[in-house]
1. Taking +1 at the Cβ of each Lys and Arg and -1 at the Cβ of each Asp and Glu, which of ALA87, SER117, ILE143 sits farthest along the dipole of the range 1-160 towards its positive end, judged by Cα position relative to the Cα centre?
2. I'd like the distance between the alpha-carbon centres of the range 169-231 and the range 1-61, rounded to an integer number of Å.
3. Count neighbours as other Cβ atoms within 10 Å of each site's Cβ, and list the trypsin sites (Lys or Arg not before Pro) in the range 11-104 that are DSSP loop with at most 14 such neighbours.
4. From the helices alone, meaning DSSP H stretches of at least four residues, give me the mean residue ellipticity at 222 nm for the chain, per-run term -39500 (n - 2.57), in deg cm²/dmol to the nearest 500.
5. For the range 87-231, give the percent of accessible area contributed by carbon and sulfur heavy atoms, probe 1.4 Å, rounded to a whole number.
6. With every protein chain kept in the model, how would you rank CYS17, CYS231, CYS96 by accessible area, 1.4 Å probe, largest at the top?
7. Ordering MET101, MET212 by how much accessible area each has at a 1.4 Å probe, largest first, what is the list?
8. Which loop-located trypsin sites (Lys or Arg not before Pro) does the range 107-164 contain, where loop means any DSSP state but H, G, I, E or B and the Cβ has at most 14 other Cβ atoms within 10 Å?
Amino acid sequence: MMSSQFYSVPFHGHALCAESTFGRNGHILMLHGGGKDRKVFYKYRVLMDQLGFGTTLFDFIGHGETGGDIHESSLYSRTLQAEAVIAHRGLAVTGCMGTSMGAYNALQLSQRLQLKSLILMVPGVYAASAGQVKFGADFSKIIRKFRSWEETDAWDMAAAFTGNLLVIAAGKDAIIPPEIPQRLVSSAIHASHSQLLTLPEAGHNNVWEQLMASETLYESAHSAFERCLSC
């Protein structure tokens with residue numbers, strides 16, 4: 001059974017609560033979404049451990065044990081927070097997994113790091129104009145504009161990625177339009193390998209539960225993770 005090393009990372013007057021495990025095959029940074037915290041990845045971390053990968057999880061500002069005011073943060077700040085965690089531990093990150101909002105941050109990191117693998121689960125993408133706007137009324141105004149996500153820079157980031165890409169979509173996602181995961185995969189024209197895995201009965205917040213409900217789906221997901229993480 002894996003054991004975690006717990007630590008805190010100073011960032012602009014905050015202490016980001018983080019933890020890491022270590023594996024022989026590489027290291028995966030895992031980025032949670034806007035309504036969760038790092039614990040959402042505990043179950044996926046077991047899968048990563050089985051595949052021989054170490055993981056690093058942390059709570060963004062305004063979430064979990066890090067706490068603080070989420071309105072002090074932004075999409076851009078979240079990416080800087082992730083970079084601070086990597087730098088603090090000197091982590092040799094080989095892949096990144098992001099869920100919901102965290103998927104957008106994972107894409108941004110793929111432009112800053114030499115990642116071999118990228119896993120985007122129920123991925124959110126955002127208009128480029130929202131990137132540095134602090135979370136709150138102004139941010140909400142931008143993203144609530146009809147189909148504002150079409151003005152995202154995520155397609156270009158996906159196109160520039162040269163590693164292995166896995167996008168996991170929920171067939172009954174009431175938050176993420178189905179066009180987003182589809183377009184991320186079709187945009188990844190330079191990826192070594194790309195795959196879209198859709199879980200037909202899953203909603204935005206119960207992907208793991210749906211995997212556990214079907215041995216066939218779990219095996220498909222396990223194989224997809226293994227393929228994406230292979231170098």
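1. So the residue furthest toward the plus end is SER117.
2. That distance is 20 Å.
3. Values: sites: ARG24, LYS36, ARG38, LYS39, LYS43, ARG45, ARG78, ARG89; in loops: ARG24, LYS36.
Hits after loop and neighbour filter: ARG24.
4. So the helix-based figure for the chain works out to -10000 deg cm²/dmol.
5. On the way: 3380 of 6790 Å².
For the range 87-231, the apolar C and S fraction of the accessible surface comes to 50 percent.
6. Listed by decreasing accessible area, they come as CYS231, CYS17, CYS96.
7. Final ranking, largest accessible area leading: MET212, MET101.
8. Values: sites: ARG112, LYS116, LYS134, LYS141, ARG144, LYS145, ARG147; in loops: ARG112, LYS116, LYS134, ARG144, LYS145, ARG147.
The qualifying sites are ARG112, ARG144, LYS145, ARG147.
The values are calculated or read from the model by the stated rules, or taken from the named source; none is laboratory data. Since the structure is predicted, the reported quantities are computational estimates derived from the model, not experimental observations. With ideal geometry, Cβ positions are generated from the backbone for all residues, glycine too; neighbour counts draw on all protein chains shown. Accessible surface areas use protein heavy atoms only, side chains included; no ligands, DNA or RNA. Shrake-Rupley method; radii C 1.70, N 1.55, O 1.52, S 1.80 Å.
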